[in-house]
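Here is the structure we will look at.
Every number here is computed from the coordinates shown, using simple stated rules; none is lab data. Predicted model only: the values in this text are computed from it and were never measured.
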Amino acid sequence: MLNTSIASRNKTRIAQQFSRAANTYNSAADVQLDIALDALAFVPAHYSAHYKSGLDIGCGTGRISQQLAARGENLIAMDLAFGMLDYAKQDALVGAESICWVQGDAECLPLVDNSVDMVFSSMALQWSHNQQKVMSEIARVMAFDSNALLAIMCEGSFSQLNDSWHTIDSQRHVNNFASAQTWYNAAKSEGLQVTMHEKQYVTWHKNVRQLMSSIKSIGANVLLTTQDITEQSKCQSKNTFNRHTLQLLETIYQHKYAENLQLPLTYQVCFLQCSK
Ligand SMILES: C[S@@+](CC[C@H](N)C(=O)[O-])C[C@H]1O[C@@H](n2cnc3c(N)ncnc32)[C@H](O)[C@@H]1O
C-alpha cells in the first residue's frame, strides 16, 4: 500500500488532469460511454427504478448521472475533480434538479453510514490504489437491502501499450491496474454479496500518437507514482521520451499488433454487482 503523502500527491494530479480534460471528455470518451451504458444495463430495473438516495462515484461530466437521476428521487453525483463537476453542473439538463454535485474522494465518502440505496460507479475506482478502503467506504454508506453496481478498469487493460513499451525500456509507462479478483475479494471481505462479470473492449487507432492522445483527451494520462519524490524525479527524467522513441514505439506496436492498418487498445473491465 502507498504511504499517505504519495497517495495524496497522486490524487492531486488525478484531480488536476481530469479537471483539465473536462471540456474534451465527452467527445473523446466513446468507449467509456459504452462501458457505462453496459453498467447501467446490469442494474436490475427493480432496484434502480425507485431508489430514494443514489450515489454516482466518479461522475465525471455527469452524463450518466443524468440518466441515473431519472430513475430515482435524489442522486449525489461525486467526483474528485472540481473541473469535471463544474462542467457537469453547467451541462445538466432541466430535470436534473434532484442531483446534488459534491466534490469528494471514493476512499473517504462524505456520507453517513447506511444512507444510500443505490451506488453506481463507472470507470473511476481504478484510480484508487487502496481497493479495500474503497470497498469498505461503499459498504459503510450502503443502506441495508441496497445495491451497488461498479464498473472498474482492471488488469489486462492497455496491455498492448505496456508490452510495446517493455520492448524499449524497463521503465513503467502505463499504470498498474488491480485484478478483477482483487476487487471481488475486497467487496466480499466487507460482507457484501457479489456477482462479477468481465468484459473486454477494444478501441482502434491509426497510429501511436493518436492512441496516446485518445487517453490524454479524457484525462487518463496520469502516470501514478509509487515512489517518494526523489525517486519519482529520477524516474520522470528517464521517462521523458523524444521523437525517436515515439517512432520506435510506433514501429514495435505496428509490428506486433496492427490489424488492417489499425492499432488496438484493450480496456479490460469488471462489473461488480454488490448487495448488502
Ligand atoms: C474516466 S472518468 C469516468 C467518468 C464517468 N463515470 C463516465 O463513465 O463517463 C473517471 C472519473 O473518476 C474521477 N475520480 C478519480 N479518482 C477518484 C476518486 N478517488 N474519487 C472520486 N472520483 C475520482 C475522475 O476525476 C474522473 O472524473
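Summary of values
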item: Amide H contacts of Gly72 (H built 1.01 Å from N, under 5 Å, at least 5 apart or other chain); result: none
item: 24 Å Cα cut-off, lysine pairs counted over the chain (separation 8 or more, or different chains); result: 19
item: Amide hydrogen neighbours beyond the local backbone of Ser179, cut-off 5 Å, H modeled; result: Glu155
item: Between 0 and 90°, nearest 10: helix 82-91 axis offset from the chain longest Cα axis; result: 60
item: MRE, 222 nm, helices only [DSSP H, n ≥ 4, -39500 (n - 2.57), over the chain, to nearest 500]; result: -13500 deg cm²/dmol
item: Tail weight of P(r) past 26 Å, computed on alpha-carbon pairs of the stretch 4-275, percent; result: 42
